[in-house]
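Here's the structure, in structure tokens; my notes come after.
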Amino acid sequence: MFNIKQLIRENIKNLQPYSSARDEFNGVANVFLDANENSLGSPLDNGYNRYPDPYQLAVKQTIAGLKNISVENIFLGNGSDECIDLLYRCFCNPAKDNVVICPPTYGMYEVSGNINDIEIRKVILQKNFQLDLKEISNQVDRNTKIIWICSPNNPTGNSFDQEDICFLLKTFNGLVVIDEAYIDFSADESFLNNLKSYPNLIVLQTLSKAWGLAALRLGMAYASAEIITVLNKVKPPYNISGATQKIVLEALQQSESVKGKIKELVSLRLSLQQDLLEISFIEKIYASDANFLLLKTVDPESIYQYLVTNGIVVRNRNSIILCEGCLRITVGTKQENGLLIKTLINYSKQVS
Ligand SMILES: *Cc1c(COP(=O)(O)O)cnc(C)c1O
């Protein structure tokens, strides 16, 4: 049986968290002399001399409305990357516990695990880029705390079979983290609506991709109130800056225009895919549920270099397991995609 109390590290369970000035006072006042802020203000006239809301209530309320979930099920991190690190620090004992990742996948699960001295058990995806459930079960033991699932997956672009993910949620007694950084580009449904059914589910999303706000650094972790409480205890008190909270609140009012951009990117992805199909040295373009395409070529290194020489940077994934020969290309604007195609055609003329 899943029991969150058994998963939390003992030192975190016993932790007396930092109590900020804003934590200790909650009432009404108009003279704030409790936090050693600059009472004369800043060079900017935005109230930036004051510490921001440590629990980002206004932002969370807006996200709760957009996603149709409760504020108590939302944690905000300085990018998803902070959420990933905090999950290690809350639940995984260094030099003792392990996690399962399914390569090829997002690199931060491994890097962050290494930083926290957590053993990384790798279960390579099947040839069709789907999860290898049997091997995952083989690798799991009593010290396995987290299974990291990225769906749609980076860099392969596909979504995992939802029944496979449900199987893991039902059978694994640790945490299943589903990183949905690219979910808005996918036809599949988010796992957000399943939080009530699975106490071990954590869904990660981010404003860095579909929302186009990578510079602001805002990632969301959605989970049971118990899990969110643990994350709040461990996070740096003011992990989301006042500037980010303010600008994000404005941006979240414009979800309709974001939906428009998502539609446009999906349609640009489809036409880019069509145009790439015409290019002879591209052997395969993998189906994508994201805002990028993974393609297999005959000579990835020289194509990569040729593109760079022509001022176009793509991601070379040739050295990654199951991605031999592959480049990952982010969907650009119509003009950028056109330039990419033109440059690839020039490359094929040059080699033939
Ligand atoms: C881009 C990406 C993220 C986003 O990370 P942020 O820290 O929120 O910018 C998370 N997960 C995956 C799989 C990604 O590709």
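Of everything in the stretch 80-118 that's without any contact (Cβ under 8 Å) to a residue 24 or more places away in the chain and not in a helix (DSSP H, G or I), which residue is farthest from the ligand (Cβ to nearest atom)? Looking at the filtered set, the residue picked out is Ala95. Residues in the stretch 299-317: is at least one crowded, with 16+ Cβ neighbours inside 10 Å, touching a Phe, Trp or Tyr at 6+ places or on another chain (Cβ under 7 Å) and closer than 21 Å to Leu125 by Cβ? Yes, because at least one residue in the stretch 299-317 is crowded, with 16+ Cβ neighbours inside 10 Å, touching a Phe, Trp or Tyr at 6+ places or on another chain (Cβ under 7 Å) and closer than 21 Å to Leu125 by Cβ. State all residues of the stretch 183-197 that are buried (at least 21 other Cβ atoms within 10 Å of the Cβ) and either touching a Leu at 6+ places or on another chain (Cβ under 8 Å) or without any contact (Cβ under 8 Å) to a residue 24 or more places away in the chain (or both); if no residue qualifies, say none. Correct list: Phe185, Phe191.
Residues in the stretch 69-79 that are on the phi < 0 side of the Ramachandran plot, assigned to a loop (DSSP other than H, G, I, E, B) and within 11 Å of the ligand (Cβ to nearest atom): Asn78 alone. Criterion applied to Lys122, Lys145, Lys134, Lys96 was being of a type in the set (D, E, K, R), within 24 Å of Tyr182 (Cβ to Cβ) and at pLDDT 95 or above, and the one residue passing it is Lys122. Going by what's in this entry, would Ser288 be described as over 23 Å from the mean Cα position of the chain (by Cα), surrounded by 13 or more Cβ atoms within 10 Å (Cβ to Cβ) and among the hydroxyl-bearing types (Ser, Thr, Tyr)? No, not satisfied. When you check Ile115 against the structure, is it crowded, with 16+ Cβ neighbours inside 10 Å, at pLDDT 95 or above and either of a type in the set (A, V, I, L, M) or out of contact with any Asp or Glu (no Cβ under 8 Å at 6 or more places or on another chain) (or both), yes or no? No: the conditions fail for Ile115. State all residues of the stretch 1-15 that are assigned to a loop (DSSP other than H, G, I, E, B) and either modelled with pLDDT of 95 or more or not polar (S, T, N, Q) (or both); if no residue qualifies, say none. Met1, Phe2, Ile8, Arg9, Asn14, Leu15 - these are the residues of the stretch 1-15 that are assigned to a loop (DSSP other than H, G, I, E, B) and either modelled with pLDDT of 95 or more or not polar (S, T, N, Q) (or both).
Restricting the first member to the stretch 150-163 and to residues that are within 18 Å of Thr206 (Cα to Cα), and the second to residues that are more than 9 Å from the ligand (Cβ to nearest atom) and charged (D, E, K, R), the beta-carbon pairs closer than 6 Å and six or more apart or on different chains are Pro152/Asp289; Pro155/Arg317; Pro155/Arg328; Ser159/Asp188; Ser159/Asp289.
The values are calculated or read from the model by the stated rules, or taken from the named source; none is laboratory data. Bear in mind the structure is a predicted one, so any value in this text is a computation, not a measurement. Ideal geometry is used to build each Cβ from the backbone, glycine not excepted, and the neighbour counts take in all protein chains shown.
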